[in-house]
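Below is one structure; the comments refer to it alone.
Each reported figure results from applying straightforward, stated rules to the coordinates on display, with no laboratory input. Quantities reported herein were computed from a predicted structural model and do not represent experimental measurements. Glycine gets a Cβ as well: all are built from the backbone with ideal geometry, and neighbour counts include every protein chain shown.
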Amino acid sequence: MTSLLARLRHLAFAAVAALAMSASLTGSSIAEIPSVEQVEVSARTIDQFQVGRDETMFGPLEFVGGLELTSSSRNLGALSSFRFLKPGGDFIGVADTGFWFFGSVVRDADMRPVGIENFRMVQMVDASGNVIEKKWLADAEGLDVRDGIATVGFERTHRVAQFRIEPDAMKSDFRQLDFVVPRNELRQNRGFETVAYSPDKGGLVVVSEKSLDQAGNIFAAIIEGPNKGVFTVRRDGEFDITDGAFLPGGDLLLLERSFSIASGVKMRLRRIAGDSIGSGQVADGPVLFEADMGYQIDNMEGLDVWRREDGAQMVSLISDDNHSILQRNLYLEFRLHED
């Protein structure tokens, strides 16, 4: 039965995902000042990562728990990237439909995720404070947070912009950063999916989804600090990069996704060696684990790493449902075992 259900999910996903992943949502041409929307989110707990099996270890990652998120609000969805403001608790995120979102993960006595509370969304605005209606102007994909500042990577209209974090009054960006990668090398819908701060490199690092150099590797850059410069990430198979964050030791943990009509959607985590990241270098590292539709995954888009109160190194993932009734908004949580 479980294999049949997985196959049905695969077929349903395949029927729409090829169109949904590249769909461009358009709004009305009348601009308006946004208000914060409080969104009631229902969460169904996920206790088994692999469908129908009780295993918890997947490579060096231990599955802790997950949530399937639903709401009557039409705005919930398209979740592209997020970062915890408080480890494992309060978070901020961006949706590729031009929304900010905020909320908190609720936990049980064993520190497992059981729900989401105080979830709210607000549209991004332009310099005049008006809603950005056109998706190609607000296709937010990557996010990093540091010292009260959110740095966001946008594709289509490629830019890396910084915003002051004011959950109840998010304004337009106050600064745009030089992203170093030549603009003509960035593909329209394959721009910056990863924005992450590296203490070891002394600045922000950006990685594109699938903007390739002549060797077939993925454009990336250290965009500030003494090590500023363009590098690439070796592309391994048919996987594209959807997010990433630096681990305490300096390595870059990348979330990757692939999709085909034949095999459906897949995800994997790859650990890029910190010493392979540098101007002119080709960064690379091993795959930690890979999952297909026999697991509780969807279009996995966002990743964050954080330290739990007991000292455990944690990895959290979210999915982008493309606002499709055949896809899901998921939150998944793992413990990374370093030994």
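Hey, any hits in region 213-221 for a residue that's within 24 Å of PHE334 (Cα to Cα), part of a strand (DSSP E or B) and in contact (Cβ under 8 Å) with a residue 24 or more places away in the chain? Scanning region 213-221, I find no residue that is within 24 Å of PHE334 (Cα to Cα), part of a strand (DSSP E or B) and in contact (Cβ under 8 Å) with a residue 24 or more places away in the chain, so the answer is no. Taking the criterion of being crowded, with 18+ Cβ neighbours inside 10 Å, touching a Lys or Arg at 6+ places or on another chain (Cβ under 7 Å) and either among the basic types (Lys, Arg) or closer than 25 Å to ASN329 by Cα (or both), the residues of region 269-312 that qualify are LEU288, ALA291, MET293, ASP298, ASN299, MET300, ASP304. When GLY52, GLY93 are checked against the criterion of being touching a residue at least 24 places away in the same chain (Cβ under 8 Å) and outside any strand (DSSP E or B), GLY52 stands alone in meeting it. Looking at region 233-250, is at least one residue surrounded by fewer than 22 Cβ atoms within 10 Å (Cβ to Cβ), charged (D, E, K, R) and either without any contact (Cβ under 8 Å) to a residue 12 or more places away in the chain or over 18 Å from LEU212 (Cα atoms) (or both)? Looking through region 233-250, none of the residues is surrounded by fewer than 22 Cβ atoms within 10 Å (Cβ to Cβ), charged (D, E, K, R) and either without any contact (Cβ under 8 Å) to a residue 12 or more places away in the chain or over 18 Å from LEU212 (Cα atoms) (or both). Every condition in (1) crowded, with 20+ Cβ neighbours inside 10 Å; (2) within 18 Å of the chain's Cα centre (by Cα); (3) within 21 Å of ILE149 (Cα to Cα) is met by GLU256 except one, and the failing one is (3).
Results for (1) over 20 Å from the mean Cα position of the chain (by Cα); (2) small (Gly, Ala, Ser); (3) part of a strand (DSSP E or B), shown as yes or no for each residue.
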{"position": "GLY280", "(1), (2), (3)": "yes, yes, no"}
{"position": "GLY285", "(1), (2), (3)": "no, yes, no"}
{"position": "LEU288", "(1), (2), (3)": "no, no, yes"}
{"position": "ILE297", "(1), (2), (3)": "no, no, no"}
{"position": "VAL305", "(1), (2), (3)": "no, no, yes"}
{"position": "GLY311", "(1), (2), (3)": "yes, yes, no"}
{"position": "VAL315", "(1), (2), (3)": "no, no, yes"}
{"position": "HIS323", "(1), (2), (3)": "no, no, no"}
{"position": "LEU326", "(1), (2), (3)": "no, no, no"}
